[in-house]
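Worksheet: one structure, shown below.
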Amino acid sequence: MSAESKIQELGIILPNSPAPVANYVPVVRTGNLIYLSGVGPAPSSDGREFKGKLGIDLSIEDGYESARLTAINILARLKGYLGDLEKVSKIVKVLSMVNSSPDFFDPPAVTNGCSDLLVEVFGDKGRHARSAIGVSSLPNNWPIEIEIIAEISD
């Protein structure tokens with residue numbers, strides 16, 4: 001099943017590709033690799049926006065959903081840049097930064113929300129190397145920010 005069909009089957013509506021909020025570009029291509037700048041969560045389908053720190057303001061379940069919503073923004077950015085998600089031949093690397101309290105020790109459980117959706121959409125092409133780290137703050141008080149490296153084909 002194509003990535004586009006899988007997104008439709010999951011009932012996901014991709015938002016417009018998030019615009020950069022400072023002096024940088026959202027995607028850089030070198031050879032057959034693209035590097036996506038950090039992306040935060042899209043609002044949920046019911047309009048909820050997740051804000052705050054894991055371990056203080058948000059549960060692991062909230063964080064997982066935030067990571068899934070971030071993956072939706074990543075898919076939107078990929079589609080906006082490539083025009084067709086079938087050009088993604090491999091999600092190579094995911095770097096997840098989780099806004100968390102000093103005593104929150106489970107950024108990987110939060111990041112699973114992104115990883116799980118990428119695998120749902122791309123199948124084996126979505127399996128990736130990953131780092132998930134806790135940080136003291138993120139822009140817009142996001143609970144998570146994720147950047148990826150993807151291999152593409154023309």
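About the Cα centre of the chain, what is the dipole size in debye to 20, counting +1 per Lys and Arg Cβ and -1 per Asp and Glu Cβ, all else neutral?
For this selection, approximately 420 debye.
Okay, helix-only estimate at 222 nm for the chain: each DSSP H run of n ≥ 4 adds -39500 (n - 2.57), divide by all residues, round to 500 deg cm²/dmol; what do you get?
Calculated from helices alone, the mean residue ellipticity at 222 nm is -10000 deg cm²/dmol.
Starting with the fewest neighbours, write out ARG48, ARG68, ARG130 ranked by other beta-carbon atoms found within 10 Å of each beta-carbon.
With the sparsest Cβ surroundings first, the list reads ARG48, ARG130, ARG68.
Picking from GLY126, GLY11, GLY83, which is most flexible by a Gaussian network model of the chain using Cα springs under 10 Å?
Maximum among the listed residues: GLY11.
Rank the residues PHE104, PHE122 as a footprinting-exposure proxy: fewest other Cβ atoms within 10 Å of their Cβ go first.
PHE104, PHE122
Express in nm, to one decimal, how much length is gained between GLU151 and ALA22 on full extension, taking 0.36 nm for each residue of separation and deducting their alpha carbon distance.
Result for the pair: 43.9 nm of gain on full extension.
Give the residue list of chymotrypsin sites (Phe, Trp or Tyr not before Pro) in the range 1-59 that are DSSP loop and have at most 16 other beta-carbon atoms within 10 angstrom.
Those satisfying the criteria are TYR24.
Gaussian network model of the chain, Cα springs within a sub-10 Å range: biggest mean-square fluctuation belongs to which of ASN99, ASN16, ASN112?
It is ASN16.
Among the listed pairs LYS51/LYS87; LYS6/LYS51; LYS6/LYS79, which have their C-alpha atoms separated by more than 21 angstrom in this model?
Pairs exceeding the cut-off: LYS51/LYS87; LYS6/LYS51.
First measure r as the distance between the Cβ atoms of ARG29 and MET1, then evaluate 1/(1 + (r/R0)^6) with R0 = 41 Å and state the FRET efficiency to the nearest 0.05.
With a Förster radius of 41 Å, E is 0.95.
How far, in nm, would the chain grow between SER59 and ALA129 when pulled straight, counting 0.36 nm per residue and subtracting the alpha carbon separation?
Roughly 22.7 nm would be gained on extension.
Every read-out reported here was derived from the displayed coordinates using simple, explicitly stated rules and does not represent laboratory data. In this text the structure is predicted, and so the values were computed from the model without any measurement. Here the Cβ is made from the backbone with ideal geometry for all residues, glycine too, and neighbour counts use every protein chain on show.
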